[in-house]
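Working notes, structure below.
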């Protein structure tokens with residue numbers, strides 16, 4: 001433990017995620033917060049490294065689709081603090097400040113609470129509101145787990161605040177039993193690597209140079225962020241050499257995908273033959289056909305289901321266009337426009353000898 005003292009730099013009673021949000025977002029641009037920590041190192045579950053870079057260096061800010069979940073979490077923080085005290089008997093105090101690491105000023109901390117430990121020391125409290133479907137990621141009492149992005153968050157806070165213990169309380173219901181508490185102890189080896197990786201990311205921010213795009217464990221996060229960028233109708237010519245290896249890799253993977261697709265098609269055909277045999281077997285001696293069958297073998301019961309579904313009402317493009325033309329008022333009232341994700345494609349063409357591709361720069 002290096003024995004440093006964190007520096008309070010902003011009063012979160014004046015600006016936070018609920019009130020004066022624009023000012024709070026400006027403060028967050030001053031460094032890397034705990035919820036940024038995993039993404040800054042290419043390990044984020046909700047955000048890519050490049051998207052975080054855009055947030056720190058520009059006005060780019062993607063509106064979260066689960067904003068009501070985030071709002072619920074912020075509003076329930078006082079409840080989570082009281083529930084933690086009730087479950088553990090430990091006193092929790094609110095700490096309404098944003099803190100900065102004195103030796104690594106790009107590292108920021110915005111805590112949900114501080115726990116007063118029996119020996120006089122303090123621990124960090126991080127409050128989460130989850131649902132019954134995501135509580136499985138926290139393991140069991142016998143085999144406790146913690147989602148990596150939240151572990152990274154509290155380890156970031158422990159480093160900034162110079163505190164050796166952190167607790168995460170996850171609320172998934174409205175009773176005393178709908179609570180999960182996980183304890184995290186400080187790991188100095190992890191912390192050293194984390195600081196180096198965060199420092200590298202922050203160097204990109206200070207130099208306004210985009211970090212590498214492909215270190216993220218989930219590149220789909222970056223694709224989702226790129227969809228929010230504005231694109232003009234135009235064509236830009238790109239140099240071949242920087243993309244040579246990527247083009248070769250793309251071709252190789254597309255060929256491999258086609259082979260796998262053919263293999264899957266053959267597997268599907270074999271499965272369909274077996275399915276057809278089972279379905280045709282669901283009949284009695286009088287040729288009455290049933291939608292279920294049971295096979296019993298030793299201590300195992302195997303159930304075959306051939307579920308009959310209700311007719312599905314469809315509304316295709318042609319029907320939608322006719323409705324808009326014949327009943328525009330009804331169409332406007334009940335139809336909503338849904339944003340479509342852009343589709344990427346790569347097409348190769350042979351240019352005639354001496355021909356130059358005519359292009360315009362966007």
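Side notes on the structure shown:
Let's see how each residue does on (1) over 21 Å from the mean Cα position of the chain (by Cα); (2) at negative phi; (3) crowded, with 17+ Cβ neighbours inside 10 Å; (4) assigned to a loop (DSSP other than H, G, I, E, B):
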site: 184; (1), (2), (3), (4): yes, yes, yes, no
site: 189; (1), (2), (3), (4): yes, yes, no, no
site: 193; (1), (2), (3), (4): yes, yes, no, no
site: 203; (1), (2), (3), (4): yes, yes, no, no
site: 212; (1), (2), (3), (4): no, yes, no, yes
site: 223; (1), (2), (3), (4): no, yes, no, no
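- Which numbered condition residue 172 misses (of (1) at pLDDT below 95; (2) within 25 Å of residue 217 (Cα to Cα); (3) touching a helix residue (DSSP H, G or I) at 6+ places or on another chain (Cβ under 8 Å)): (2)
- Count - residues of the range 13-33 that are within 14 Å of residue 201 (Cβ to Cβ) and either modelled with pLDDT under 85 or crowded, with 18+ Cβ neighbours inside 10 Å (or both): 3
- The listed residues are 128, 43, 47, 87, and the only one of them that is assigned to a loop (DSSP other than H, G, I, E, B), in contact (Cβ under 8 Å) with a residue 40 or more places away in the chain and either surrounded by fewer than 19 Cβ atoms within 10 Å (Cβ to Cβ) or in contact with a strand residue (DSSP E or B) (Cβ under 7 Å, 6 or more places away or on another chain) (or both) turns out to be 43.
- Residue list for the range 229-254, filter: in a helix (DSSP H, G or I) and surrounded by 10 or more Cβ atoms within 10 Å (Cβ to Cβ): 243, 244, 246, 247, 248, 249, 250, 251, 252, 253, 254
- Remark: pairs (first residue in the range 1-21, assigned by TED's automatic domain parsing to the domain that holds residue 158; second residue part of a helix (DSSP H, G or I) and at pLDDT below 85; Cβ separation under 7 Å; 6+ apart in sequence or on different chains) = 17/74; 18/74.
- Members of the range 290-314 that are part of a loop (DSSP other than H, G, I, E, B) and touching a helix residue (DSSP H, G or I) at 6+ places or on another chain (Cβ under 9 Å): 306
- For the range 318-341, the condition holds for no residue, the condition being that it is surrounded by 10 or more Cβ atoms within 10 Å (Cβ to Cβ), in contact (Cβ under 8 Å) with a residue 24 or more places away in the chain, more than 30 Å from residue 237 (Cα to Cα) and in contact with a helix residue (DSSP H, G or I) (Cβ under 7 Å, 6 or more places away or on another chain).
- Which numbered condition residue 136 misses (of (1) free of Cβ contacts under 8 Å to residues at least 40 places away in the same chain; (2) over 20 Å from residue 71 (Cβ atoms); (3) not in a helix (DSSP H, G or I)): (3)
- For the range 150-166, the condition of being surrounded by 21 or more Cβ atoms within 10 Å (Cβ to Cβ) and assigned to a strand (DSSP E or B) holds for at least one residue.
The values are calculated or read from the model by the stated rules, or taken from the named source; none is laboratory data. Nothing here was measured: the structure is a model prediction, and the numbers come from that model. As a convention, Cβ positions derive from the backbone with ideal geometry for all residues, glycine included, and neighbour counts pool all protein chains shown.
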